[in-house]
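Reviewing the structure listed below.
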Amino acid sequence: MPIEKPLTFYLPDFKSELKIPIINEGVSAGFPSPSADFIEKNIDLNKELSKNPLATFYIKVKGNSMINAGINDKDVLVVDRSLEPQNNKIAICFIDGEFTVKRIKLDKECLLLMPENEKYAPIKVTEENQLIIWGIVTYVIKAL
């Protein structure tokens, strides 16, 4: 089984004055649509991606245990620590002294931390494990 590498944590910079232009009309992913006037505004991604600024962190992924969920090595995750853990949510988990990103699966008999890559085994959480669901992933930022 491959071994997952540690995650890197970052705080959003809400004092940033960087303004990125945005065309608010959207773009068609189907057939091209007639162009309306290109209304250009500015967007601050720190504020746009953070519903709860005091509880939001960026985390850089190292490893490929979540590739089938669209989370790849070097992607940046936006994580909200104020959200409640729920079944099937992708979470940053602190288990037995190490951080990992996995999908939460509540089973009748146990809690599983599920990878999204068949090369990795699920982590069955037992009474012997120390687990903290550190935060819930809300966005994935990636290079194309």
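Just so you know, all these numbers are worked out from the coordinates, no wet-lab data involved. Source: prediction; values computed, not measured. A quick note on method: Cβ atoms are made from the backbone with ideal geometry, for glycine too, and the neighbour counts reach across all protein chains shown.
Spin-label model, residue 88 to residue 121: label points 7 Å out along the Cα-to-beta-carbon direction sit 2.7 nm apart. For the listed peptides 105-112, 59-66, a ranking on the average number of other beta carbons within 10 Å per residue, highest first, reads 59-66, 105-112.
Residues in the range 110-116 carry Karplus couplings, in order, of 7, 10, 10, 9, 9, x, 10 Hz; the curve used is 6.51 cos²θ - 1.76 cosθ + 1.60 with θ = phi - 60°, and Gly or Pro positions show x. Would you pull out the residues with amide H under 5 Å of residue 83's amide H, same chain only if 5 or more places away, H placed 1.01 Å from N? Counting only residues 5 or more places away or on other chains, the set is 136.
Highest mean packing comes first when the peptides 113-120, 51-58, 74-81, 124-131 are listed by Cβ atoms within 10 Å, giving 74-81, 113-120, 51-58, 124-131.
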